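S.K.: Please see the structure below; I have some questions.
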Amino acid sequence: VSAQSLHWFDLQKAKIEFKRILKDRNLCLFIWNERTSTNNSFTSAYESLIHEFVNNYESYITKGSDVILRLNDFVYPATIKKITFPNVVNMDYEGIVNLFYSYSYSPPYDSCSQETQHIIKKIETIFNEYSNGKVVEILYTTNAYYCNF
């Protein structure tokens with residue numbers, strides 16, 4: 001099982017390791033979440049915040065089609081199956097801040113920097129605007145790709 005990490009794999013080395021550890025049932029599962037902002041005001045505002053503070057954000061986004069292309073180099077393509085389902089994640093304010101700074105493409109967190117303070121203030125503003133006082137909903141589409149290796 002790989003969740004949101006296939007882009008980090010050295011596919012040639014991973015292929016050797018998968019062949020070593022997969023014995024009887026060569027089933028692999030790769031999971032990818034994509035934020036879905038069309039029907040959720042917080043998710044849309046959060047996505048805008050990311051666009052505002054991450055340079056070249058579009059170049060970092062991995063879509064399902066990118067995952068499939070990488071899988072085609074990794075497994076026998078005819079075996080790839082996909083299941084898609086909605087995924088709603090409720091997060092508190094601290095969780096949203098941690099989520100933003102967990103991305104490899106986020107600017108570095110430095111509590112003394114003006115940029116970090118500005119980002120934190122923006123997160124707080126959109127959280128307060130869209131939360132129920134405790135949590136906000138982030139909408140995702142979860143894509144699960146399973147295949148025989």
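The values are calculated or read from the model by the stated rules, or taken from the named source; none is laboratory data. Here the structure is a predicted model, which means the values were calculated and not measured. To get the accessible areas, we keep the full protein, side chains included, count just its heavy atoms, and leave off ligands, DNA and RNA. Shrake-Rupley method; radii C 1.70, N 1.55, O 1.52, S 1.80 Å.
S.K.: Over all alpha-carbon pairs in region 73-149, figure out the percentage whose distance exceeds 17 Å. Before the final figure, lay out each step's value.
M.R.: Details: 1780 of 2926 pairs.
Here the tail beyond 17 Å accounts for 61 percent of pairs.
S.K.: Continuing with this model, one more query. Please give every one of the lysines within straight-line cross-link reach of LYS15, meaning a C-alpha to C-alpha distance under 25 Å, and leave out same-chain neighbours fewer than 8 residues apart.
M.R.: Straight-distance partners of LYS15: LYS23, LYS63, LYS81, LYS82.
S.K.: Using a 1.4 Å probe on the protein heavy atoms, what percent of the accessible area of the chain belongs to carbon and sulfur?
M.R.: Values: 4650 of 9210 Å².
With neighbouring chains kept in place, the figure for the chain is 51 percent.
S.K.: Residues of the chain: accessible area per residue at 1.4 Å, in Å²?
M.R.: 62 Å²
S.K.: Same structure again: Give me the log10 of I(q) over I(0) for the chain at q = 0.09, 0.14, 0.16 Å⁻¹, as the Debye formula computes it from C-alpha points; what are the numbers?
M.R.: -0.37, -0.78, -0.93
S.K.: Another question about this same structure. State, as an integer percentage, the relative contact order of the chain based on alpha-carbon contacts under 8 Å between residues 6 or more apart.
M.R.: Over the chain, the number comes to 43 percent.
S.K.: Same structure, new question: Helix 11-21 versus the longest principal axis of the chain: what is the Cα-based angle in degrees, 0 to 90, to the nearest 10?
M.R.: On a 0 to 90 degree scale, this one is about 60.
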